[in-house]
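Q: Provided herewith is a single structure, encoded as structure tokens, for subsequent inquiry.
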Amino acid sequence: MSAGCSVRCPQRILAFVIWISFVIPHSAFIICAMIRCGIGYDIHRLVEGRKLVLGGVEIPYSRGLEGHSDADVLAHAIADALLGAISAGDIGQHFPDTDKSIISSIEILKRVNELLAQKSARVVNIDATLLAEEPKFAPHVEAMRKVIADALSTSDSNISVKATTNERLGPIGRGEGIAAMAVATVEVE
């Protein structure tokens with residue numbers, strides 16, 4: 001079809017008739033799925049004496065994030081987004097900071113993936129952004145995508161990780177912490 005085709009265009013009518021003739025006879029085989037989205041956000045303070053782990057990847061840096069488990073803000077934001085997409089509360093409900101048995105945020109993602117499976121849901125897409133003045137994350141993005149995808153039993157082509165600065169504004173801009181936000185799209189059968 002060409003752009004600007006009107007409703008009365010013969011090509012559009014032909015395409016409509018062909019589509020209807022295919023869908024009607026095979027309508028018993030159509031599987032209904034619902035697409036749902038969730039949003040996640042996390043922020044942690046940078047401190048001395050901790051490893052910096054983001055997206056399950058250790059990043060060489062002089063400071064790390066303070067918080068529960070390995071304080072991986074990227075994995076935490078993604079987990080929250082996924083939980084939101086299936087209306088399952090938030091990360092704190094499922095993995096409270098009083099539970100000292102959880103040491104890896106990638107383990108949290110694996111457990112969230114199990115919750116998705118229990119609700120007949122699967123990851124369609126994750127779009128996540130890290131907010132920090134430093135260090136530079138570009139050399140580590142592909143590794144992060146792979147680790148996250150493996151934890152969620154999906155392809156790394158379904159995982160987007162980006163980074164931006166806060167233009168030296170606020171606590172992130174002053175280098176006091178790192179934040180992450182994520183949007184998750186899931187398909188529920």
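Q: Once phi is turned into ³J(HN,Hα) by the Karplus curve 6.51 cos²θ - 1.76 cosθ + 1.60 with θ = phi - 60°, what whole-Hz value does each residue of region 69-81 show in order, with x for glycine and proline?
A: Per residue, the Karplus-derived 3J(HN,Hα) values read 6, 8, 6, 6, 4, 5, 5, 5, 5, 5, 4, 4, 4 Hz.
Q: If you don't mind, another one. Hey, rough spin-label estimate for residue 62 and residue 99, points 7 angstrom out along Cα→Cβ, what's it come to in nanometres?
A: For the pair residue 62/residue 99, the computed spacing is 3.6 nm.
Q: Would you mind checking the radius of gyration and Dmax of region 36-189 based on alpha-carbon positions, in Å?
A: Rg, Dmax (Cα atoms, Å): 14.5, 46.
Q: Order of 82-90, 133-141 by packing, highest average Cβ count within 10 Å first?
A: The peptides rank, most packed first, as 82-90, 133-141.
Q: Work out Dmax and Rg for region 69-139 from the C-alpha atoms and quote the Rg first, both in angstrom.
A: Using the Cα atoms of region 69-139, the pair Rg, Dmax is 13.0, 39 Å.
Q: Tell me, what ³J(HN,Hα) does each residue in region 105-111 have, in order and in whole Hz, if you take phi through Karplus 6.51 cos²θ - 1.76 cosθ + 1.60 with θ = phi - 60° and put x for Gly and Pro?
A: Karplus values, whole Hz, x for Gly and Pro: 5, 5, 4, 4, 4, 4, 5.
Q: Subtracting the Cα-Cα distance from 0.36 nm times the residue separation, let me have the gained length for residue 176 to residue 153 in nm, one decimal. Write down the numbers at each step before the final one.
A: Working: separation 23, 0.36 × 23 = 8.28 nm, distance 3.35 nm.
Fully extending the segment from residue 176 to residue 153 adds 4.9 nm.
Q: Counting only residues 5 or more places away or on other chains, whose amide H sits under 5 Å from the amide H of residue 55 once H atoms are built in the peptide plane?
A: 74, 75
Q: Can you list the HN-Hα couplings for region 139-148, worked out from phi with the Karplus curve (6.51, -1.76, 1.60; θ = phi - 60°), rounded to whole Hz and with x for Gly and Pro?
A: Listing the rounded values in order: x, 10, 4, 4, 5, 4, 4, 5, 5, 5 Hz.
No value in this document is a laboratory result; all are computed from the given coordinates. Owing to the predicted nature of the structure, the values given are computational and were not obtained by experimental measurement. Counting neighbours? That spans all protein chains shown, and the Cβs are built from the backbone with ideal geometry, glycine included.
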